[in-house]
Structure formats: C-alpha cells, structure tokens
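Everything on this sheet refers to the single structure shown next.
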Amino acid sequence: MAGGFVVFVRKNFCDRSRSHRPQPDWKAAYRHGSDCRFQLAVCSSHGRPVHFACGRYGSGAIAPRIYAKHSRRLAVARFAVGRRASFQTDRLDLYRQKIQELLDKGLAYRAYDTPAELDAMREAQKARNEAPRYDNRHRDLTPEQQAQFEAEGRKPVIRFKIENDREISWNDIVRGTVTWKGRDLGGDMVIARAAEGEFGQPLYNFVVVVDDIDMQISHVIRGEDHIGNTPKQILLYEALGATVPTFGHTPLILNAAGAKLSKRDGVTSISDFQQMGYTAEAIANYMTLLGWSPPEGMNEIFSLDEAAQKFDFDRVNKAGAKFDWDKLNWINSQYLHHMPIDRLTDLLIPDWQEAGYEFDPSDRAWLKQLTAVLAPSLVRLNDAVEMSRYLFVQDVGLTEAAVGQLQQPGAVAAMQGILAAIPADTTLSEADAQGIIQTVTKAENLKKGVVMRSLRAALTGDVNGPDLMQSWLLLNQHRWDRSRLEQALKQISA
RNA sequence: GGUGCCGUAGGCAAACUGGUAAAGCCGCAAGUCUUUCAAACUUGUGUUUGCGGGUUCGAUUCCCGUCGGCACUGCCA
C-alpha cells in the first residue's frame with residue numbers, strides 16, 4: 001500500500017430531535033468502541049492520521065462537544081494517533097455546491113412526493129409482495145408539472161438517479177469482488193431533504209462521499225453493515241468525477257446470540273467496559289483479536305503498536321465474530337497480573353474509595369503491599385473490592401466454612417497461642433510471623449496446614465483468599481490481627 | 001418479501017495460489033505446586049470443514065443447489 005494511506009473513521013451521531021427511535025443515545029453510534037479497531041491499527045502502521053468526523057447537523061455548537069467526548073474516549077483506549085476533526089455544519093456550502101453540480105449535469109432532480117404519498121406507495125408495493133422502493137415517478141417531470149407542485153407549496157427533495165440496469169462492483173480489501181445491481185438499490189436516492197429555500201439538509205450517503213473526496217480519502221474501512229451503502233456511494237463518486245477509493249468491510253462483532261452487539265448486551269462504549277473493570281489496553285487487545293488473527297509466532301497479548309506493525313488485511317476474517325467474555329477476562333487478567341504495582345495501585349485506589357472503605361491514601365507502602373498481594377488474583381480491577389474487604393472493614397464475621405475450620409481439633413489452642421505471641425506494639429516482620437507459626441505448631445503438636453488454615457479463618461473470616469502471610473502482615477500493621485483473633489475465639493466458644 | 005455477505009470443535013481462529021484438516025489462544029477436565037482460592041506449569045478434552053450434489057487422482061478451498069445466521073432495504077447515520 002505504497003503512497004498515501006488515509007483512513008476515515010467516521011462516527012455518526014443520531015439527531016435526537018428527528019429520530020423516531022426511542023432515545024438514540026449518541027453513545028450508541030460509537031457502540032462498543034470497536035468499529036475502529038482495524039482502522040487505527042492500519043493508520044498507525046502507516047503513520048497516517050485518522051480523520052474523525054462528526055456527522056451532526058443542526059446546532060453546530062454541540063458537535064465539538066461530542067467530538068471532545070469521543071476524542072477523550074479514543075485517547076483513553078490508547079487509540080491516540082494523529083487525528084483531525086471535521087464537522088458537517090462547517091461544510092454546508094460545499095455540499096450545496098455539489099448538489100447543484102449534480103442537478104446541472106442532469107444526474108439529480110427535484111422530487112415533490114409527500115411523505116404520505118411515499119408511504120402509500122410502499123404500502124401498495126408491500127401488498128403486492130414487492131420490495132419497497134421508490135418508483136422514480138418524479139424523475140421526468142415537465143416544467144408544467146413542476147410549477148404545479150410548486151404552486152401547491154410542496155418542497156422538493158433532491159434525488160440522485162440510479163439506473164436499474166447498472167452493475168456496480170468493487171474489489172473489497174477483505175471480501176474480494178462484491179457486485180450489486182442498480183435495481184436493488186431502492187430507486188433514485190434522496191441526497192438532500194426538503195426544506196424552504198433551494199434544498200434542505202444533505203444526507204449521509206451523499207455527505208460522506210463529498211467529504212471523502214474533499215479530504216482525499218484513499219481507503220474507507222468500516223463495518224460490514226455499511227456494505228449496502230457502498231454501491232450508492234460509488235455511483236456518487238463517479239457522478240462527481242472523483243476517483244473511487246478502496247473499500248474494506250470488516251466483520252461485525254456479535255453477541256452470544258449471534259446478533260450485532262448492542263446496548264442490550266450491556267456495553268455500548270469503551271467507558272462501559274472500563275466501568276466493569278477492564279483496562280483500556282486489554283479492551284483494545286481483545287477487540288483487535290476479533291476477526292483478525294496474529295501471524296504465526298506472534299503472542300496474543302500485544303499492544304496496539306505491536307498490532308499495527310504486524311497488521312494485515314489478509315488475515316482479517318469475513319465472518320462476524322462472537323464476543324467472548326471469558327477470553328476478554330483472561331486477557332484483562334494478563335494485563336493486571338503484569339502491571340507495575342505502582343500503576344495498579346493508582347487504578348485500585350478509586351475503586352476502594354468508591355466502595356466506601358476508609359483508609360489513608362498517603363499510606364502508600366501499605367497500599368502497594370496490598371496491591372501486590374491482590375494482583376495475581378485479579379481478573380477485573382473491581383474484583384479487588386471484595387477481595388480486600390477484610391483489610392478495610394473492621395468487623396468481618398466468620399463464614400460457615402471458617403467456623404468449621406476453627407472447630408478442628410487443636411485450632412482454638414493454636415489461635416490462643418498465636419494471639420499470645422503477637423507483640424502488643426511492635427510490627428511483625430515476615431520472619432517474626434513465620435517464627436510464631438513454627439513455635440505454635442510445635443507446641444500444640446499440630447500439622448502446619450491446620451494452623452495455617454485456622455489462622456486464615458480467624459484472621460480473614462473465610463477459608464480462602466489472598467496470600468495468608470501477607471494478609472497477616474497487612475492486618476498487623478494496622479493492629480487488627482489481635483482483635484480478629486479475639487473476635488474469632490469469642491465466636492467459636494459462644 | 002427483496003438484495004448482499006457469511007457458515008472450520010463450546011468461543012476466537014490457522015491451513016502458501018485445491019495436496020495428511022483442525023496449529024495456536026480462551027473455555028472445560030485432571031495433575032503438580034501451595035496455607036486456601038487464584039496464578040503458574042504439565043497433561044488431557046473437541047472433526048463426516050452447515051447439508052447435498054458436481055468437477056478432479058485428490059475439495060475447507062472451484063461450481064451448482066439447499067439450509068441456517070446476520071446485515072441492509074428511510075426526507076437515519
């Protein structure tokens with residue numbers, strides 16, 4: 001792909017006021033943040049900018065705000081490559097000019113159908129079991145007919161002519177040759193809405209083409225759901241006398257049921273994943289693995305930069321990929337297990353605070369020690385909240401299993417021995433703690449395992465959890481170990 | 001309904017232009033380690049490539065049909 005490689009990552013935003021869909025949350029347009037998984041890899045691999053477009057009409061003020069928000073999200077996901085933004089509202093003059101050009105060339109025309117008439121037409125088609133499509137009834141209006149409609153006060157839309165017998169085909173980077181017939185495109189397409197004045201808002205399929213020509217976009221990489229727009233857009237490129245770019249349609253991400261991943265699946269954007277405790281790196285990593293496989297010898301855990309170096313469309317699969325939470329979990333755990341403790345600590349602190357745990361954030365040493373203990377067991381960041389509860393909440397109580405453990409022969413005596421051995425005001429070292437256990441085990445003539453398991457039960461209230469010695473030391477630093485033992489002994493004897 | 005795309009184990013997938021199918025990863029199961037869970041490591045687990053024909057010495061790969069899934073089918077983007 002020598003010479004220039006510019007990809008247009010287009011994010012579209014619903015116009016709330018006009019949409020008939022219930023609450024088209026603008027986040028939905030961004031969906032799971034995966035639409036751009038391959039684009040970004042490609043762009044960074046070629047050192048080209050990713051263009052970022054907000055396709056919102058109407059109040060121009062809101063578009064920059066949406067852009068800012070999404071831009072932040074991309075950055076969050078480490079998708080930080082050079083970006084340029086553009087807003088449709090800034091480009092209205094260009095669209096106007098291009099529409100006029102098509103009109104002048106006779107490739108587009110004014111159609112005066114009312115929405116009610118169009119509905120009636122489709123109803124009738126449906127009744128006859130035909131595919132709904134515009135029958136091009138206003139394509140060749142006489143000046144008199146036009147004048148008549150105008151006199152009635154009708155406002156025309158602009159329609160672009162699509163010939164029935166036209167064949168459109170292109171060589172898709174991921175799918176090979178794809179072919180469509182003009183007659184399957186639904187009739188002459190509307191490129192601008194009806195409105196007062198010459199013509200109204202230009203529409204998506206037209207706008208993207210004008211923009212992409214203007215920005216000299218060479219490659220359009222997008223989700224497979226756009227495949228049906230491509231033939232229409234190709235026709236527009238030709239009509240506008242522009243070079244048709246290279247298209248690539250990447251597979252969709254499916255939920256367990258095999259449908260397009262959506263809001264119902266609980267994730268609509270990268271921030272949703274982050275709230276669930278997934279790191280941005282893990283998300284980006286997993287997303288790139290959906291529909292693409294790394295070349296032989298490449299690990300499946302990789303940064304976006306590494307992916308960019310090896311990325312190749314040859315290895316993009318055509319079939320939609322089912323989203324697998326198990327694998328995302330595993331990938332996320334890999335990142336968490338190998339993350340520097342300082343960074344992990346920073347990520348965990350907000351979760352602990354949010355959980356309402358009381359602690360001194362400046363007690364960095366203790367927090368880091370805790371993080372290091374937790375790290376190997378983490379799958380998602382917020383797992384840390386439950387896992388470390390016994391270190392933040394004074395009164396933990398005993399689970400049934402813990403009670404059972406402490407009722408084992410010798411357990412109580414061992415706990416009493418340990419309690420007596422813990423110095424009241426010096427902090428235990430690991431060697432100290434080991435020594436205490438050694439001594440008590442010998443003195444009570446028990447197996448070490450019994451002592452350890454019982455100690456865990458008494459100290460943490462449960463029979464399993466993070467490393468016991470570390471947990472004890474952590475507790476000891478806050479002088480909570482003795483009180484835990486006392487409470488446990490009290491509960492057992494009661 | 002129409003059109004398009006797709007169909008390799010439970011999931012993601014590999015297999016150079018037709019030449020021993022399932023490499024690798026997740027999951028699952030067992031074992032090792034350990035004070036527990038997890039991690040880590042080891043081993044194991046899954047196949048008439050949706051189905052039926054055809055071309056061929058030979059088909060996951062090419063052709064036809066069939067079934068299934070998904071997407072699109074707007075004065076949305």
Proximal charge balance of A:Thr246 [Cβ under 13 Å; K/R count +1, D/E count -1]: 0
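In what sequence do A:His338, A:His219, A:His478, A:His226 fall when counting other Cβ within 10 Å, fewest first?
Arranged by neighbour count, lowest to highest, A:His338, A:His219, A:His478, A:His226 become A:His338, A:His478, A:His226, A:His219.
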List the GluC sites (Glu not before Pro) within segment A:271-334 that DSSP assigns to loop and that have no more than 15 neighbouring Cβ atoms inside 10 Å. A:Glu296, A:Glu300
Of all GluC sites (Glu not before Pro) in segment A:357-429, which ones are in loop regions per DSSP and have a Cβ with at most 16 other Cβ atoms within 10 Å? A:Glu358
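Among rounded, prolate and oblate, which fits segment A:93-250 when a ≥ b ≥ c are the square roots of the eigenvalues of its C-alpha gyration tensor, a/c under 1.5 means rounded, and a/b larger than b/c means prolate?
Oblate is the answer for segment A:93-250, as a/c is 1.5 or above yet b/c matches or exceeds a/b.
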Per the Debye formula with a single identical scatterer at each Cα and no solvent contribution, what log10 I(q)/I(0) holds for segment A:263-337 at q = 0.19, 0.24 Å⁻¹? -0.84, -1.22
Along its principal axes, what span do the Cα atoms of segment A:341-392 show, with the longest given first and each in whole Å? 25, 20, 17
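Could you put A:Lys322, A:Lys161 in order, starting from the residue whose Cβ has the fewest other Cβ atoms within 10 Å?
A:Lys322, A:Lys161
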Counting Lys and Arg as +1 and Asp and Glu as -1 over every other residue whose Cβ sits under 13 Å from the Cβ of A:Ile162, the net charge comes to +1
Write out the GluC sites (Glu not before Pro) in segment A:109-188 meeting two conditions: DSSP loop, and at most 14 other Cβ atoms within 10 Å of their Cβ. A:Glu130, A:Glu152, A:Glu163
Ranked from fewest to most other Cβ atoms within 10 Å of their own Cβ, A:Ser218, A:Ser303, A:Ser471 fall in the order A:Ser303, A:Ser218, A:Ser471
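Read the figures in this text as sums done on the coordinates, not as results from a lab. Computed from a predicted model, the values in this text were never measured in an experiment. Cβ atoms come from the backbone with ideal geometry, glycine included; neighbour counts cover every protein chain shown.
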